[in-house]
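Asks: Provided herewith is a single structure, encoded as structure tokens, for subsequent inquiry.
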Amino acid sequence: MTTIGFIGLGIMGAPMAKHLVDAGHQVHGFDLSADATAALAAGGGKAAGSIAEAVNGADLVITMLPADPHVETAVLGEDGVLAHAKTGSLLIDMSTVSPQTSQAVAEAGKARGVRVLDAPVSGGQAGAVEGVLSIMVGGDESDFRAAAPVFDAFGKTVVHVGPHGAGQVVKAANQLLVGGIIALNAEALVLMEASGVDPRLGLEVLNGGLAGSTVLTRKMDNFVNRSYDPGFRIDLHHKDMGIAQNAARGAEVALPLTAAVAQLVAAARAQGLGDRDHSALLAVIEGFNNRKET
Ligand SMILES: NC(=O)c1ccc[n+]([C@@H]2O[C@H](COP(=O)([O-])OP(=O)(O)OC[C@H]3O[C@@H](n4cnc5c(N)ncnc54)[C@H](O)[C@@H]3O)[C@@H](O)[C@H]2O)c1
């Protein structure tokens, strides 16, 4: 059994923390939402009243926060994780942030005697609930090995992909793929429906062929029912497309389709869909095709 501090009990963090509780670890959770913290306690974890309380005495700390500013505050801030973490403990930041932020966290951790991994995930809310996430890990090999029992609690495909920040580069690649696949499924649906084909039947047969995907399997109902409850919010995907484009700039490569997908996500946000699931890219594509009767 390991004593684990878990910061950020949202759509992803809550089921991940619950898996750790179920695997027999002592999990001290904290979220800015008192309801989220209470829900962990109701499921067998311990509710902490602050980051300091969650981290105090923990061998391992996991953070699952929305974006770079949240990690900067909750990890690097005056009263953040690193101010309270035990020397020799391991911090695993599983949030999706820029590679630069992960590298800054690793450096700050080193200065405090805290080992750090960046370990963003893919698989969505369903993957977190089912405990079958893909986890892309950046950092030292020995720390990756030490974290294996924890990753096992909610991961299925767990790969050490390189040094600090490398996990975030792979996650950025994941996000440009997911955004592009959603956008193209939306275009396929619009084409089929405008041509008189039942979109569910069309998408079902497509999903059995080469064009099939986990994205389509997971988002089929969202697409067909136009139900855009998150899931994964457009606001978060907008953040991730920014990370992907900055990474491309840093690596001096051109990614033209990524730029197009980023614009679709930006359009969804501009249309007030920031809090909706990223399957709402369908609404943007449909907006391009609103026919006016003449
Ligand atoms: N939702 C998905 O499908 C999904 C999939 C893969 C990766 N991700 C990534 O995982 C991360 C978390 O996503 P999510 O969907 O769970 O987001 P979320 O907004 O549902 O959860 C984030 C939680 O962090 C809490 N929080 C923010 N600042 C805090 C602080 N200072 N101290 C304590 N708690 C704080 C919020 O109250 C919230 O409950 C993001 O980086 C996202 O990009 C999400």
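Asks: Check every DSSP H run in the chain and write down those whose alpha carbon atoms cover 30 angstrom or more along the long axis and whose mean Kyte-Doolittle hydropathy is -1.0 or greater.
Replies: 166-194
Asks: In terms of modelled amide H atoms, which long-range or inter-chain residues lie less than 5 Å from the amide H of Gly155?
Replies: HN-HN under 5 Å from Gly155: Leu133.
Asks: Computed from the mean reciprocal separation of all distinct C-alpha pairs, what Kirkwood hydrodynamic radius does the chain have, in Å?
Replies: With all distinct Cα pairs of the chain included, I get 19.8 Å.
Asks: Next up: For region 1-128, state the semi-axes of the equivalent ellipsoid (square roots of 5 times the eigenvalues of the alpha-carbon gyration tensor), sorted largest first and rounded to whole angstrom. Write down the numbers at each step before the final one.
Replies: Details: eigenvalues 85, 53, 34 Å².
After diagonalising the Cα gyration tensor, the semi-axes are 21, 16, 13 Å.
Asks: So how much accessible area does Met192 have, in Å² to the nearest 10, using a 1.4 Å probe?
Replies: Counting only protein heavy atoms, the figure is 30 Å².
Asks: What's the longest uninterrupted piece of the chain once you rule out the GluC sites (Glu not before Pro) that are loop residues per DSSP with at most 12 other Cβ within 10 Å?
Replies: For GluC sites (Glu not before Pro) (loop position, at most 12 other Cβ atoms within 10 Å), the longest site-free span of the chain is 79-251.
Asks: Given only helices, namely DSSP H runs of n ≥ 4 each adding -39500 (n - 2.57), what is the per-residue ellipticity at 222 nm of the chain, to the nearest 500 deg cm²/dmol?
Replies: Dividing the helical sum by the residues of the chain leaves -16500 deg cm²/dmol.
Asks: Run the simple label-point estimate for Arg226 and Glu141 please: 7 Å along Cα→C-beta, distance reported in nm.
Replies: Result: 5.4 nm between the two label points.
Asks: Rounded to two decimals, what is the ratio between the C-alpha radius of gyration of region 119-263 and 2.2 N^0.38 Å?
Replies: For region 119-263, the normalised Cα radius of gyration comes out at 1.17.
Asks: For region 238-294, state which trypsin sites (Lys or Arg not before Pro) are in a DSSP loop and have at most 10 other beta carbons lying within 10 Å of their beta carbon.
Replies: On the way: sites: Lys239, Arg249, Arg269, Arg276, Arg291, Lys292; in loops: Arg276, Arg291, Lys292.
Sparse-neighbourhood loop trypsin sites (Lys or Arg not before Pro): Arg291, Lys292.
Asks: Also: Let me check something: with ligands and nucleic acids excluded, how do His160, His237 order by accessible area (1.4 Å probe), largest to smallest?
Replies: His160, His237
Asks: Shifting gears a bit: Report the net charge of residues surrounding Gly165, where surrounding means a beta-carbon distance below 12 angstrom and charges are Lys +1, Arg +1, Asp -1, Glu -1.
Replies: -2
Asks: While we're on this one: Which lysines, on any chain, are close to Lys239 with Cα under 24 Å apart, when same-chain ones fewer than 8 places away are left out?
Replies: Lys239 reaches Lys171, Lys219.
Asks: Percent antiparallel among DSSP beta bridges with both residues in the chain, to the nearest 5? Kindly include the intermediate steps, with their values, before the conclusion.
Replies: Working: 4 of 29 bridges.
Approximately 15 percent, going by the DSSP bridge assignments.
The values are calculated or read from the model by the stated rules, or taken from the named source; none is laboratory data. Computed from a predicted model, the values in this text were never measured in an experiment. So basically every Cβ, Gly included, is an ideal-geometry build from the backbone, and we count neighbours across all protein chains shown. Areas reflect the complete protein model, heavy atoms only, side chains present, ligands, DNA and RNA absent. Shrake-Rupley method; radii C 1.70, N 1.55, O 1.52, S 1.80 Å.
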